[in-house]
Every structure is written in C-alpha cells, then in structure tokens.
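Peer 1: My questions will all concern the structure given below.
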Amino acid sequence: MAQGHALVIGGTGMLSEVTVWLNKKGYFVSVIGRRNERYHQLMEKVESPENISSILVDYHKTEELRQSLIEAIENRGSFDRVVAWVHSSAPDVIPALLKLQEQYHKKQEFELFHVKSSTGYFKQETPELPANCTYYEIFLGFKQYSGHSRWLTHEEISEGVKDSIHHGRPQTIVGQIEPWEQRPH
C-alpha cells in the first residue's frame with residue numbers, strides 16, 4: 001500500500017531518479033512529463049509500476065494541466081508531497097497547483113519541494129502558500145573544477161533533490177551558485 005500521493009513535475013526527465021526513489025519509498029507517484037517515450041523509459045526503472053501514473057501534458061497549457069491534476073487528485077487523493085521543476089516560462093503552474101491543493105487538501109499538511117534554476121537564487125521569490133504547505137527551495141547550481149565550470153548532470157540534480165527531501169532542509173543549493181561570474185556560459 002502506498003504511503004501517500006506524490007506529484008513530480010519534470011519526473012520523466014531531469015527528476016526521473018527522484019520519481020524512482022519516491023516509488024521505492026512506497027509513494028503512489030503521479031508524474032508530469034511531455035513525452036510518452038520518456039515515461040516508458042521511466043517505467044523500466046521502477047520497482048512498483050502499479051504505483052506510478054503518467055500525466056502527459058505540456059504544463060505551459062495551464063488549463064489542461066489543471067484538469068489533469070484534478071483527475072489525478074480525484075483518482076488517488078490530493079498530493080502529500082510535490083516536487084516541482086517548472087521553467088520560468090510557465091509562471092502560472094505553481095499558483096494553479098497550490099490553489100488546487102488548497103481546495104482539495106484543506107486540513108492535511110503537504111510539502112512542496114520547489115526546484116529552481118540558479119538565477120532564481122538571486123530573485124528570492126516565494127509563491128503565496130496555503131497555511132497547510134511546508135515549503136522547501138532547491139536551487140540548481142553548477143560544478144567548478146580546475147578552472148572550468150559545468151552545469152549539473154541529471155544524476156547530480158536528482159541526488160541533490162533526494163538529499164534535500166530526506167533531510168527536509170528549508171533551502172538547498174545543489175552544486176554551487178557562487179562565485180556567479182564563474183558559472184558556465
């Protein structure tokens with residue numbers, strides 16, 4: 001039996017290992033992705049495929065996303081844990097998700113692990129949160145070595161996100177953000 005309902009936005013790509021980990025921990029995981037082939041690749045890695053549900057939607061289409069989330073909530077219950085990697089090109093995703101959580105998850109606490117780009121670190125923007133939401137920020141930085149720098153790999157990102165979830169830190173930087181001028185270009 002699943003220990004809760006998790007939602008992973010970006011869970012078939014960059015955060016696929018987070019999806020696998022949550023599945024292994026006993027969550028029923030709803031996964032938002034855009035490509036069916038990535039979902040099938042993900043399904044080959046999970047221990048309990050019966051506890052994974054695909055939400056194939058382009059989250060830039062907010063109304064389609066909202067309808068898909070309502071369907072997932074009606075089928076499995078509201079989300080106890082949300083891990084969200086959303087590009088800045090879709091600013092309505094997090095507010096729409098939080099509004100649904102407020103509507104369907106009124107009394108129970110839930111967690112939002114908001115994965116953000118390194119530039120988000122300097123903006124320090126936090127969405128308007130319902131009272132029952134515990135909010136965590138995860139900033140994705142870069143790696144620096146021998147005078148060179150590179151962006152993080154999907155594996156490094158997933159490991160950092162899993163570590164942040166495991167330890168429940170209010171704010172985590174995966175890799176490094178400073179010195180900013182030495183980031184990859």
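Peer 1: Given a cut-off of 23 Å, what percent of all Cα-Cα pairs of the stretch 1-142 lie beyond it?
Peer 2: Everything past 23 Å amounts to 29 percent.
Peer 1: Would you mind telling me the antiparallel percentage of the DSSP bridges in the chain, rounded to 5? Intermediate values should be presented prior to the final figure.
Peer 2: Details: 5 of 35 bridges.
Given both bridge residues lie in the chain, the antiparallel proportion sits at roughly 15 percent.
Peer 1: Turning to a different aspect of this structure: Hey, which of these cross-link pairs are over 26 Å Cα-Cα: 24/61; 45/162; 61/99; 61/107?
Peer 2: Pairs exceeding the cut-off: 24/61; 61/107.
Peer 1: So how much slack lies between residue 180 and residue 167, counting 0.36 nm per residue of separation and subtracting their Cα-Cα distance, in nm?
Peer 2: 2.1 nm
Peer 1: For the chain, what is the mean residue ellipticity at 222 nm derived from helices alone (per DSSP H run of n ≥ 4: -39500 (n - 2.57); sum divided by total residues; nearest 500 deg cm²/dmol)? Walk me through the intermediate numbers first.
Peer 2: On the way: 6 runs with 64 residues, N = 185.
Only helices count here, giving -10500 deg cm²/dmol.
Every read-out reported here was derived from the displayed coordinates using simple, explicitly stated rules and does not represent laboratory data. Computed from a predicted model, the values in this text were never measured in an experiment.
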